[in-house]
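One structure is given below, encoded as structure tokens.
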Amino acid sequence: MKNVVLIPGDGIGIEITAAVKTILETAGAPINWIECEAGLGAYRKLGNPLPDETVAAIEEHRIALKGPLTTPVGTGFRSINVALRQKFNLFSNIRPAITLPNVDTQFKSVDMVIFRENTQGLYIGKEHWIDENKHAESIAVVTEEASRKIITAAFEYARTKEMEKVTLVHKANILKLTTGLFLEVGRSVAKDFPDIEFQDLIVDNMAMQMVMRPEQFDVVVTTNLFGDILSDLASGLVGGLGVTGSANIGDDAAMFEAVHGSAPDIAGQNKANPIALLFSSLMMLEHLDEKPIAENIRKAIYKTLVEKKVKCTMDIGGKGTTDSFTEAVCSNL
Ligand code: NAI
Ligand code: MG
């Protein structure tokens with residue numbers, strides 16, 4: 001058995017982590033869940049949205065599956081998600097967007113994965129007022145070292161998965177030092193991967209290209225803010241936030257989570273789509289060298305989408321619930 005820290009989190013997190021646990025157990029995944037708290041629920045109960053025991057458990061087991069966390073507003077706490085990524089130096093945020101069978105979108109053959117730099121850029125939280133007249137400043141940090149790590153991870157992924165091209169997204173025409181450095185490092189890393197095509201695009205053009213011809217992209221690598229925005233865009237191309245998973249990977253720890261948040265508008269109503277967190281858990285199983293189990297579950301999900309669409313949740317055109325989807329996947333396993 002492999003120990004994995006499980007953080008159900010807030011809002012729909014409770015429902016979707018329960019669904020994922022049931023499906024992984026039914027599939028025979030050899031996982032021993034260590035349940036821990038974080039987020040708004042933990043803050044209300046323990047006065048701390050990121051309790052020490054949760055951090056200690058991740059420190060010990062080095063792998064976590066995490067539901068979405070609501071960051072308490074107006075408490076002085078920064079995003080717990082950002083804090084966790086920085087604490088464990090989870091520098092690669094990997095977000096695949098793949099067209100699914102029988103999920104209605106205009107795009108038929110999207111198969112791309114966004115590598116978002118996860119620890120730097122504008123997300124380091126260095127913002128301040130510069131004078132009394134409501135003038136604010138925000139600082140973006142980009143380093144050669146961190147850029148090299150994420151870009152190398154993107155190229156290595158392309159090579160392992162036999163994907164043809166890496167597209168680096170930047171705004172080096174305006175942000176010449178920060179994203180300019182990211183581009184410069186990209187060009188240098190590309191020389192070590194002559195078997196993989198390298199392309200760079202300015203972020204605004206990228207946004208347009210992704211909507212016009214998303215099938216042209218394989219692996220995309222970019223800085224933190226652009227990656228955040230473009231990965232939600234990519235989710236939108238394949239059926240929305242309910243169907244895209246993600247991995248946060250560092251040198252010696254990994255945390256898997258859905259791209260979406262705690263969806264307070266549908267929490268507790270048995271409406272949440274567990275597919276996003278389920279796909280994240282399949283990335284986790286691959287990371288744990290349990291690829292055959294991950295593939296079985298993927299097949300069961302696809303079969304459910306094709307043969308039992310009514311059992312799927314409403315965000316992807318089904319007529320079912322979190323529970324009916326979970327039962328359908330389990331019966332297809
Ligand atoms: P959200 O992603 O929670 O919801 C956006 C929309 O998508 C809502 O209409 C929601 O119902 C829908 N949606 C999201 N996931 C779904 C699912 N699995 N099935 C069906 N529909 C789904 O974004 P929002 O509302 O901006 O944020 C809510 C809270 O989540 C905030 O406190 C935010 O800070 C937090 N958040 C946490 C993240 C994390 O833990 N990684 C990521 C993004 C937001
Ligand atoms: Mg986001």
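Between A207 and A18, the distance separating the two model label sites (each 7 Å from Cα on the Cα→Cβ line) works out to 3.9 nm. Counting only the backbone N, which residues of segment 79-95 are under 15 Å from the spot 7 Å out from the Cα of R148 toward its beta-carbon? The answer is none. Against the compact-protein benchmark of 2.2 N^0.38 Å, the Cα-based radius of gyration of segment 106-237 scales to 1.11. Between the beta carbons of R187 and K87, assuming R0 = 35 Å, the FRET efficiency works out to 0.65 to the nearest 0.05. When both bridge partners sit in segment 106-237, DSSP labels roughly 25% of those beta bridges antiparallel.
On the chain, 52 percent of the accessible area sits on carbon and sulfur atoms, based on a 1.4 Å probe. Quick one: grab the alpha carbon gyration tensor of segment 54-130, order the square roots of its eigenvalues as a ≥ b ≥ c, and give me rounded if a/c is under 1.5, else prolate or oblate depending on whether a/b is larger than b/c. Since a/c reaches 1.5 and a/b is larger than b/c, the shape of segment 54-130 is classed as prolate. Across segment 135-152, coupling constants 3J(HN,Hα) worked out from phi with the 6.51/-1.76/1.60 Karplus curve, θ = phi - 60°, read 9, 10, 9, 10, 10, 9, 10, 10, 10, 4, 4, 5, 5, 4, 5, 5, 5, 5 Hz, and Gly and Pro carry x. Accessible surface calculations at 1.4 Å, restricted to protein heavy atoms, place the chain at 45 Å² per residue. Net length available on complete extension from Q199 to R78 is 40.1 nm, with 0.36 nm assigned per residue and the Cα-Cα distance removed.
Given the chain, report the % of alpha carbon pairs whose separation exceeds 26 Å.
48
Qualifying trypsin sites (Lys or Arg not before Pro) in segment 1-70, where qualification requires a DSSP coil assignment and no more than 16 other C-beta atoms within 10 Å, comprise R62. So what is the relative contact order of segment 106-237, in percent, for Cα pairs below 8 Å that sit 6 or more residues apart? In percent, rounded to a whole number, it is 38. Based on Cα contacts under 8 Å between residues 6+ apart, the chain shows a relative contact order of 22 percent.
Rounded to the nearest 20 debye, the dipole size of segment 106-237 about its Cα centre is 120 debye, using +1 on the Cβ of Lys and Arg and -1 on the Cβ of Asp and Glu.
The values are calculated or read from the model by the stated rules, or taken from the named source; none is laboratory data. Predicted model only: the values in this text are computed from it and were never measured. Virtual Cβ from ideal backbone geometry, glycine too; neighbours counted across all protein chains shown. Please note that ligands, DNA and RNA were not included when accessible areas were found on the heavy atoms of the full protein model with its side chains. Shrake-Rupley method; radii C 1.70, N 1.55, O 1.52, S 1.80 Å.
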